[in-house]
1. Give me the residue from the range 130-152 that is more than 20 Å from E91 (Cβ to Cβ) and in contact with a Leu (Cβ under 8 Å, 6 or more places away or on another chain) and, out of that set, surrounded by the fewest Cβ atoms within 10 Å (Cβ to Cβ).
2. Looking at the range 53-68, which of the residues that are in a loop (DSSP other than H, G, I, E, B) and in contact (Cβ under 8 Å) with a residue 24 or more places away in the chain is nearest to the ligand (Cβ to nearest atom)?
3. Scanning for something touching a Lys or Arg at 6+ places or on another chain (Cβ under 9 Å) and of a type in the set (A, V, I, L, M, F, W, C), does the range 108-125 turn up at least one residue?
4. Step by step: first the residues of the range 89-104, then only those that are within 13 Å of L163 (Cβ to Cβ) and hydrophobic (A, V, I, L, M, F, W, C), then the one that is farthest from the ligand (Cβ to nearest atom). Which residue is that?
5. If I filter the range 61-69 for residues that are in contact with a strand residue (DSSP E or B) (Cβ under 7 Å, 6 or more places away or on another chain) and either buried (at least 18 other Cβ atoms within 10 Å of the Cβ) or not β-branched (V, I, T) (or both), do I get at least one hit?
6. Take L71 and tell me if it is touching an Asp or Glu at 6+ places or on another chain (Cβ under 7 Å) and within 25 Å of A127 (Cβ to Cβ).
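Just so it is clear, none of the values below were taken in a lab; they were calculated from the coordinates. Computed from a predicted structure; not experimentally measured. Heads up, the Cβs are rebuilt from the backbone with ideal geometry, glycines too, and the neighbour counts pull from every protein chain shown.
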Amino acid sequence: MMHRPDPFMDAAKTGATLDALIDSGKVKAIGVSNFSSSDWRLLQKHMSHKVQVNQVEISLLKSQVFTDGTLSDLQIDDIQPMAWSPLAGGELFGNSAAATRLRPIFKSLCAQYNCSADHIAIAWLLAHPASIIPVMGTNNLERINALSMANQIELDRETWYELYSAAQGCEVP
Ligand SMILES: NC(=O)c1ccc[n+]([C@@H]2O[C@H](COP(=O)([O-])OP(=O)(O)OC[C@H]3O[C@@H](n4cnc5c(N)ncnc54)[C@H](OP(=O)(O)O)[C@@H]3O)[C@@H](O)[C@H]2O)c1
């Protein structure tokens, strides 16, 4: 996985090198991270193997990819999105204005689903049709074990928007 776009990248050389890595069996698949659609399309133009994933920042607190075209372009190009910092690095449970607005909604949903707020935040990502893969950062074994709970929570559209609007701090028109 290429961690970030390189402004000095020679796309033809890089694409050929990545193809060679797959052809030689050294790697099974190629992914990118923090690439815009122009970045990954430029690279893909010079590769015979398909770019499989793009790891971008996605959480309730960082949700630009839903509206800046990134998630739409990933779906158009059949590239699976991965979400880094899916809990905003823990800030989701801090004292920012957005986290404070989200807290009572988390509390009510946690009571409904008998789970914790991190499960709701991950279920919010999993609910999206782009098939987002959250990349969890916790090393806490209890949290990791319990996170599978998020798979069992199916948030409906109304609840998805309730969380989204609270995070944004305004009604979605
Ligand atoms: N591609 C990139 O540019 C890029 C950039 C940044 C990160 N990443 C990748 O993304 C991974 C995840 O990023 P991240 O670490 O920011 O992930 P994250 O899952 O958003 O945040 C992890 C933090 O949230 C805390 N946390 C988890 N559950 C909590 C809860 N219920 N209450 C309070 N705090 C909670 C964790 O604390 P505990 O440890 O105490 O559980 C940890 O400090 C990284 O490991 C890295 O591999 C990629």
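1. N151
2. Quick first cut of the range 53-68, residues in a loop (DSSP other than H, G, I, E, B) only: 58-63, 67-68.
When the remaining residues are screened for being in contact (Cβ under 8 Å) with a residue 24 or more places away in the chain, the result is 58-63.
Values: I58: 10, S59: 6, L60: 10, L61: 9, K62: 10, S63: 13 Å.
Among them, the one singled out is S59.
3. The answer is yes, given that some residue of the range 108-125 is touching a Lys or Arg at 6+ places or on another chain (Cβ under 9 Å) and of a type in the set (A, V, I, L, M, F, W, C).
4. Taking the range 89-104 as the starting set, the residues that turn out to be within 13 Å of L163 (Cβ to Cβ) are 92, 98-99, 101-104.
This time we only want the ones that are hydrophobic (A, V, I, L, M, F, W, C), so: 92, 98-99, 102.
Working: L92: 7, A98: 14, A99: 10, L102: 12 Å.
Per the stated criteria, the residue is A98.
5. For the range 61-69, residues in contact with a strand residue (DSSP E or B) (Cβ under 7 Å, 6 or more places away or on another chain) and either buried (at least 18 other Cβ atoms within 10 Å of the Cβ) or not β-branched (V, I, T) (or both): present.
6. When the stated conditions are applied, L71 does not pass them.
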